[in-house]
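Encoded as structure tokens, the structure appears first; notes follow it.
The values are calculated or read from the model by the stated rules, or taken from the named source; none is laboratory data. Owing to the predicted nature of the structure, the values given are computational and were not obtained by experimental measurement. Cβ: placed from backbone, ideal geometry, glycine included. Neighbour counts: every protein chain shown.
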Amino acid sequence: MPLLAVFAASLLLAWLGGASPLALGAVRLRWLPLPFLALALQWIAFGPPGAGAGGAALAWQLLGGALLLTFLLGNLRYRSLGVVAAGAALNLLVAGLNGGYMPARPADARAAGMPQVAIALERDGRFQKTGRLDDATRLPFLADVVRLPTPGPGPDRLISIGDLLVGAGAFLFVQEALGPFGRRRGRATQAAAYNR
């Protein structure tokens, strides 16, 4: 899911509604290092250093997912992060039940313009964080089965229902933090701190 594009679009919408994008820096979130640590673990396991996590994929996914969910559940005063947590939990569930890899069909990868991914899935059964979706896959409807067209000449994206929820939650988080309700809450917090 192109989270940066979703985040930027929501930030633009909030700005058009009168909110300063710089105000996002004033949002206070608990345990902020945890999602960055989860991302680092994913990169170590599935990126160039790990060149594929192999049998340790499940452990890496569970550890990274636990860190991310801890962060999200610790910040549920922003209700939109509950939507993100639901999506992350669905992704963790389907990956966890399938050896730590998010399943995708080779045919879908080829149709999305990723022939090298399709070849790797057919030959090796996995490609980076993606595993081959076949008859043995558990909860295949939660896998990367949604094709998301992307602008420009690049390949499309394959995303999951969980990814859609994560994207929707990220969009709503910016609106919740910077929209009228978020601005009122921020002013109320500042006033309470001033009156102490």
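The condition (being surrounded by fewer than 18 Cβ atoms within 10 Å (Cβ to Cβ) and modelled with pLDDT of 95 or more) is satisfied by just one residue among Gly55, Gly74: Gly74. Listed conditions (1) at pLDDT 85 or above; (2) over 30 Å from Ala118 (Cβ atoms); (3) not hydrophobic (A, V, I, L, M, F, W, C) are all met by Arg157, apart from (2). Scanning the stretch 134-153 for residues that are in contact with a helix residue (DSSP H, G or I) (Cβ under 9 Å, 6 or more places away or on another chain), of a type in the set (Asp, Glu) and under 30 Å from Leu12 (Cα atoms) turns up at least one hit.
Contact annotation: residue pairs with Cβ atoms under 7 Å, 6 or more positions apart or on different chains, pairing a residue in the stretch 83-104 that is at pLDDT 95 or above and buried (at least 23 other Cβ atoms within 10 Å of the Cβ) with a partner that is part of a loop (DSSP other than H, G, I, E, B) and of a type in the set (Phe, Trp, Tyr), are Ala95/Tyr101. Only residues that are within 17 Å of the chain's Cα centre (by Cα), without any contact (Cβ under 8 Å) to a residue 40 or more places away in the chain and buried (at least 17 other Cβ atoms within 10 Å of the Cβ) were counted across the stretch 112-152, and they come to 1.
From the list Trp60, Trp31, the lone residue that is surrounded by 13 or more Cβ atoms within 10 Å (Cβ to Cβ) and either in a loop (DSSP other than H, G, I, E, B) or in contact with a strand residue (DSSP E or B) (Cβ under 6 Å, 6 or more places away or on another chain) (or both) is Trp31. Pro103 falls short on exactly one of the conditions (1) out of contact with any Phe, Trp or Tyr (no Cβ under 8 Å at 6 or more places or on another chain); (2) under 20 Å from Pro35 (Cα atoms), and that condition is (2).
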